[in-house]
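The structure under discussion appears below in the form of structure tokens.
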Amino acid sequence: MKKILITGGAGFIGSHVVRLFVQQYPQYQIYNLDALTYAGNLENLKDIENEPNYHFLKADIVDESVMNDLFSEYQFDGVVHLAAESHVDRSISDPLSFIRTNIVGTVNLLNAARATWNGNFENKLFYHISTDEVYGSLGETGLFTEETPYDPRSPYSSSKASSDHLVRTYYHTYGIPVVISNCSNNYGPNQFPEKLIPLVINNIKKMKPIPVYGKGENIRDWLFVIDHARAIDMIFHKGKVGETYNIGGINEWTNINLIHKMCEVLDRKLDREPGTSASLITFVKDRAGHDMRYAIDSSKLMKELGWEPSLQFEEGIEKTIDWYLDNEEWMNRITDGSYEKYYKDQYVNR
Ligand code: NAD
Ligand code: DAU
């Protein structure tokens, strides 16, 4: 019997990881710890909330004494740490909340694990989920590998880079068994519509302008969220302690090409004249310090652990668009008053 703490399990990626662990490992007790910020939504886990091996703990990782108390009470064997402030644009307008959650929160979890495990590290693991953004920005060629030097350029990526360094520090200094993975852009069901893909779907559906930062030439490497969750499962169970694994989609798109692709799919699915959605494309002021290109070399994960993406992008984007069209109520419930305010500050009053 293992007790696994998954932080940030009410968010986008975390909810898919929680579901996979709850369903795949009935012998584990899964504890989803989440502060339920604007990005956390327990509706994402409705289908599994009554499973006997699923438990929810509402708590803020920035609260040191609460973290210590929870670790001491539940004696977790493993931690999969996803809780974070995750949106680059928000980090530009409010860096401090990213420092608190992503750096201080991570250290609180490491300290609580260290105190609880107290030198007995058998069958213990602290798995930290991170991002490819820690590596900075690529030119036209090349890929991020596990050896690429860190060069973060936004408050978000700097806070994640700091947390990665601190996790490695706790391995080297205190012997805490850790593993880290750095993943590219995820897409799929349950993503908050501040991120490009759900924002574009929502705006096309509502015939609102599609905001494209700068010239739309920036490149991202997109991975279906369930393939990220599968990689996390493999790394948690088979990854080597002290190692880092990169996870990517082998699927690079310029933002503008991706948006055109989504426009075509949505015109077809919404029975609109071809070109209707594309007419909404609006070029807006660029993101400050906008990283040009991300692309990941996942060969270590593929060779050592046998992972590969299960879904081609064509299929993944169709599935994703279908999910958002079929779950209008989910979207309406989360795009409430506070989303309206965020949207106006980010896109209308800037
Ligand atoms: P998200 O914003 O959708 O979810 C974050 C979750 O963390 C939410 O449920 C939120 O309530 C919770 N949370 C935030 N602050 C908290 C706090 N102080 N205490 C407890 N819970 C808190 O994020 P996501 O996109 O699912 O990303 C999850 C993780 O994966 C993050 O660590 C992110 O850096 C990393 N990541 C994301 C992507 C991506 O494309 N989205 C890619 C690579 C890595
Ligand atoms: O690479 C992994 C990272 O991917 C994760 O660590 C982050 O948590 C996640 O948010 C994501 O970061 P990005 O900044 O790449 O994702 P976002 O969806 O915000 O933007 C994708 C691209 O689209 C980026 O080049 C900016 C651009 N964009 C975004 C928005 C929201 C636009 O052109 N218009 C928009 O309205």
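Every number here is computed from the coordinates shown, using simple stated rules; none is lab data. The structure presented is a predicted model; accordingly, all values stated were derived computationally and were not measured. A quick note on method: Cβ atoms are made from the backbone with ideal geometry, for glycine too, and the neighbour counts reach across all protein chains shown.
Numbers below:
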read-out	value
Positive-end residue of G316, Y135, N185, charge dipole of the chain with Cβ unit charges	Y135
Residue-span extension gain [K240 to N68] - 0.36 nm each, minus C-alpha spacing	59.3 nm
Options L305, V104, T244, ranked by Cα towards positive dipole end of the chain, top entry (Cβ charges)	V104
Rule-of-thumb Rg ratio for the range 59-117 [Cα; 2.2 N^0.38 Å; N residues]	1.21
Cross-link reach list, lysines versus K240, counting only Cα pairs under 25 Å and skipping chain neighbours closer than eight places	K2, K3, K124, K160, K300, K303
Over the range 201-306, volume per residue of the alpha carbon convex hull, in Å³	126 Å³
Three principal axis lengths of the range 113-260 [C-alpha, angstrom, descending]	57, 31, 25
Convex hull of the range 43-83 built on C-alpha atoms - directionally averaged projected area, nm²	3.7 nm²
Longest to shortest principal axis, alpha-carbon extents of the range 60-190, angstrom	48, 31, 31
Rel. contact order, % - alpha carbon contacts under 8 angstrom, at least six apart, the chain	17 percent
Calculated FRET efficiency for the pair Y25/L325, C-beta based, R₀ 41 Å, to 0.05	0.80
Extended-chain gain in nm, criterion 0.36 nm per residue less alpha-carbon gap, M207 and Y339	45.8 nm
Given charges at Cβ of Lys, Arg, Asp, Glu: the range 1-107 dipole, positive-most of L57, Y25, L42	Y25
Within the range 113-130: backbone nitrogen closer than 18 Å to the H172 label point (7 Å, Cα to C-beta)	128
Flagged links, alpha-carbon separation over 27 Å, of K269/K341; K215/K261; K58/K195	K269/K341
Residue-averaged [θ]222 nm for the chain, counting only DSSP H segments that reach four residues, each worth -39500 (n - 2.57)	-12000 deg cm²/dmol
Relative contact order (%) - the range 150-256, alpha-carbon pairs under 8 angstrom, separation at least six	36 percent
Taking N as its residue count, the alpha carbon Rg of the range 253-302 over 2.2 N^0.38 Å	1.59
Diffusion constant of the range 1-131 at 25 °C, which comes from Stokes-Einstein with the Kirkwood Cα-pair radius and 0.890 mPa s, µm²/s	165 µm²/s
Whole-angstrom Cα spans of the chain along principal axes, big to small	63, 44, 39
Magnitude of the charge dipole, the chain, Cβ model with Lys/Arg +1 and Asp/Glu -1, debye to 20	340 debye
Cut-off of 10 Å, at most 11 other beta carbons, DSSP loop: longest stretch of the chain lacking such GluC sites (Glu not before Pro)	148-350
